[in-house]
Amino acid sequence: MPEIHADAPGRVNLIGEHTDYQDGFVLPCAVPQRTYAALEIRSDSRVRAWSTHVGSNPVEYALGEETRGAGWVDYIQGVTWVLAERGLRLRGFDLRIRSDVPVGSGLASSAALEVATLRAIRTAFDLPLSDVDLAKAAQRAETDFVGAPVGIMDQMASSLAGERDALFLDTRSLQFERIPLPDRLDLVVIDSGVTHQHAGGEYVSRRHESEEAARLLGVARLRDIAIDALPRLAALPPLLARRARHIVTENDRVVRARSALLAGDLATLGHLFNASHASMRDDYEVSVAAVDRLVELATSQRGVFGARLTGGGFGGAVVIAAAGGSASEVASKVQAAYSVVAGRRATILVPAPQEMS
Ligand code: GLA
C-alpha cells in the first residue's frame with residue numbers, strides 16, 4: 001500500500017472567543033500554516049509516530065493500549081482511542097508528522113495535528129466519516145483523552161474553514177456557513193511571544209466560572225441569554241456577571257460581524273474587533289500586557305480597521321483587520337514598534353513569510 005498524505009491548517013479566530021463551550025457563535029478562518037501527516041499501514045497493531053519537532057526517535061504504542069502521558073503523541077493516541085470507541089477498526093500504522101503551525105501561539109496547533117492525522121487515517125482505512133465527524137472525533141480526543149476541556153471551534157475550523165472563507169459556526173447545532181472575506185480586507189496575525197497552554201489553569205477556571213454563571217441564571221448555557229436580557233446578569237455576583245457579560249455580548253458581536261462581512265462594512269467589523277478585545281481584557285480577563293500592547297500598536301496604524309487577541313488567551317497572538325493590500329506593511333510596522341516598546345520580539349504569522357513583500 002502506498003504512503004498516504006494528508007494535511008490540515010491551523011486557524012485564526014476572527015471573533016467569538018470563549019463562546020464555544022457555552023454553545024455560542026464563532027467566526028474562525030484557516031491560516032496558511034499547516035500540519036502534514038504521512039501514513040503507512042502496518043501488518044500488526046502497533047503505531048509508531050515521528051515528529052520533526054521532537055527528534056528522530058519514534059514514539060510507539062499498541063492500538064487498544066492507549067495510555068495518556070506520552071507528550072505530543074497523546075493527540076495521536078486520543079484519535080485512535082476515539083475511533084475505537086466509535087467501533088471503527090484500524091490496523092497499526094507508521095505516522096510521520098511535520099508542521100509549521102507554531103505551538104502555543106493561539107493558532108490551534110493541536111487541532112491541526114488531530115485533523116491531519118484523522119484525515120490520513122480516514123483515507124487509509126476508508127472510514128465513513130464526514131468532515132464534521134472528524135471535527136467531533138478530534139475534539140473528543142482532546143477533551144476525553146488528552147484532558148484539555150476545550151470547545152469545538154478549533155477542530156471545526158481546521159476541518160472546514162478556508163483561508164479566505166471564514167466559518168460562521170453555531171457551536172450548539174454545528175450548523176455553519178462559509179463567509180468569503182472581502183478583497184478589501186487583509187488579515188494580519190502577530191504572535192506576542194508569550195506562550196499559553198489550555199490543559200489546566202486559567203482556561204479551565206474561566207470555563208468553570210461561565211458554567212457557574214449559567215447555573216445561577218437557570219439556563220443550560222449562556223448562549224441562552226440573548227443580548228436584550230443583559231439586565232438579568234445583575235443578579236449574579238460581580239465577577240460572574242462580568243464573565244457572563246463577555247460571553248453574551250461576544251455572541252452578539254459575532255452575529256454582527258457576520259453581517260458586517262457580508263455587507264463589506266469593514267469599519268463596523270473593526271469596531272467589533274476592538275470591542276471584543278476590550279471585553280476579553282476587562283470582563284473575561286484573558287489578555288496579558290504584551291498582547292494589549294500589540295493591539296494598541298496595531299489600532300494606531302493607518303489602514304487598520306481593528307485588532308484583538310485571538311484564541312484562548314493568556315498570551316498568544318493578535319488578529320488585525322487591515323485594508324486590502326496593506327498586510328505586509330502593517331505587520332512590519334507593528335512588529336518594529338513592539339520590539340521598541342515591549343523589548344520583546346513579535347513574530348509575524350500572517351502573512352506567512354513567503355507572502356511578505
Ligand atoms: C481554545 C479552545 C477553543 C476556544 C478558544 C477560546 O482555542 O481550544 O475551543 O474555547 O480557546 O475561544
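Shape of the range 230-357 from its Cα gyration tensor (a ≥ b ≥ c, root eigenvalues): rounded if a/c is under 1.5, otherwise prolate when a/b > b/c, or oblate? Because a/c hits 1.5 or more and a/b fails to exceed b/c, the range 230-357 counts as oblate. Axis angle, to the nearest 10 degrees, between helix 327-342 and the longest C-alpha principal axis of the chain: 80 degrees.
Around ALA38, with a cut-off of 10 angstrom between Cβ atoms, what is the net charge of the other residues, counting Lys and Arg +1 and Asp and Glu -1? That works out to -2. Using a Gaussian network model of the chain in which every pair of alpha carbons under 10 angstrom is joined by a spring, one finds that among ASN13, ASN57, ASN251 the greatest mean-square fluctuation is at ASN57. For the range 19-30, backbone phi angles converted through the Karplus equation (6.51, -1.76, 1.60; θ = phi - 60°) give residue-by-residue couplings of 9, 5, 7, 10, 6, x, 9, 9, 9, x, 9, 6 Hz, Gly and Pro being listed as x.
Give me the one-decimal Kirkwood hydrodynamic radius in Å for the chain, with the sum taken over alpha-carbon pairs. Walk me through the numbers before you get to the answer.
Details: mean 1/r = 0.0483 Å⁻¹.
In the chain this quantity evaluates to 20.7 Å.
Under 5 Å from the amide H of ALA70 lies no amide H of any residue 5 or more positions distant or on a separate chain, with H modelled from the backbone and absent for Pro and chain starts.
Per-atom-type breakdown for the chain gives carbon and sulfur 48% of the accessible area (1.4 Å probe, protein chains only).
Based on DSSP H segments of at least four residues, each scored -39500 (n - 2.57), the chain has a per-residue ellipticity at 222 nm of -12500 deg cm²/dmol.
A simple rule links phi to the HN-Hα coupling: the Karplus curve 6.51 cos²θ - 1.76 cosθ + 1.60 with θ = phi - 60°, which for the range 166-171 gives 6, 9, 7, 10, 8, 6 Hz, with x for Gly and Pro.
Note on ARG302 and ALA278: with the Förster distance fixed at 22 Å, the Cβ-Cβ geometry gives a FRET efficiency of about 0.55.
Each of HIS5 and GLU163 was given a label point 7 Å from its Cα along the Cα-to-Cβ line. The distance between the two points is 1.6 nm. Taking Cα centre as origin and charging only the Cβ of basic (Lys, Arg, +1) and acidic (Asp, Glu, -1) residues, the dipole magnitude of the range 1-121 rounds to 280 debye. If the chain linking ARG345 and ARG98 were pulled fully straight, counting 0.36 nm for each residue of separation and taking away their Cα-Cα distance, it would gain 86.4 nm. Its Cα centre serving as origin, the range 293-357 has a Cβ charge dipole (Lys and Arg +1, Asp and Glu -1) of approximately 180 debye. Taking the average, over residues, of other Cβ atoms within 10 Å as the packing measure, peptides 271-282, 326-337, 134-145 rank 134-145, 271-282, 326-337 from highest down.
By per-residue mean of other Cβ atoms within 10 Å, what is the highest-first order of 20-30, 230-240, 343-353, 116-126?
On the way: 20-30: 24.7, 230-240: 13.5, 343-353: 16.5, 116-126: 21.5.
Ranked from most to least packed, the peptides come out as 20-30, 116-126, 343-353, 230-240.
Applying the Karplus relation 6.51 cos²θ - 1.76 cosθ + 1.60 with θ = phi - 60° to the range 98-103 yields 3J(HN,Hα) values of 9, 8, 10, 7, x, 8 Hz, where x marks Gly and Pro. For ALA84, neighbours were defined as the other residues whose beta-carbon sits under 13 Å from its Cβ, and their charges (Lys and Arg +1, Asp and Glu -1) total 0.
Out of the GluC sites (Glu not before Pro) in the range 11-85, which ones are loop residues according to DSSP with at most 16 other C-beta atoms within 10 Å? Write out the running numbers ahead of the final one.
Working: sites: GLU17, GLU40, GLU60, GLU65, GLU66, GLU85; in loops: GLU17, GLU65, GLU66.
Of the GluC sites (Glu not before Pro), the ones in loops of the range 11-85 whose Cβ has at most 16 other Cβ atoms within 10 Å are GLU65.
For the chain, the solvent-accessible area works out to 40 Å² per residue, with a probe of 1.4 Å and every protein chain left in place.
The values are calculated or read from the model by the stated rules, or taken from the named source; none is laboratory data. Bear in mind that the values here come from a model prediction, so they are computed numbers and not experimental data. Cβ coordinates were reconstructed from backbone atoms using ideal geometry, including for glycine residues, and neighbour counts include every protein chain displayed. Protein only, heavy atoms only, side chains kept; ligands, DNA and RNA dropped before computing areas. Shrake-Rupley method; radii C 1.70, N 1.55, O 1.52, S 1.80 Å.
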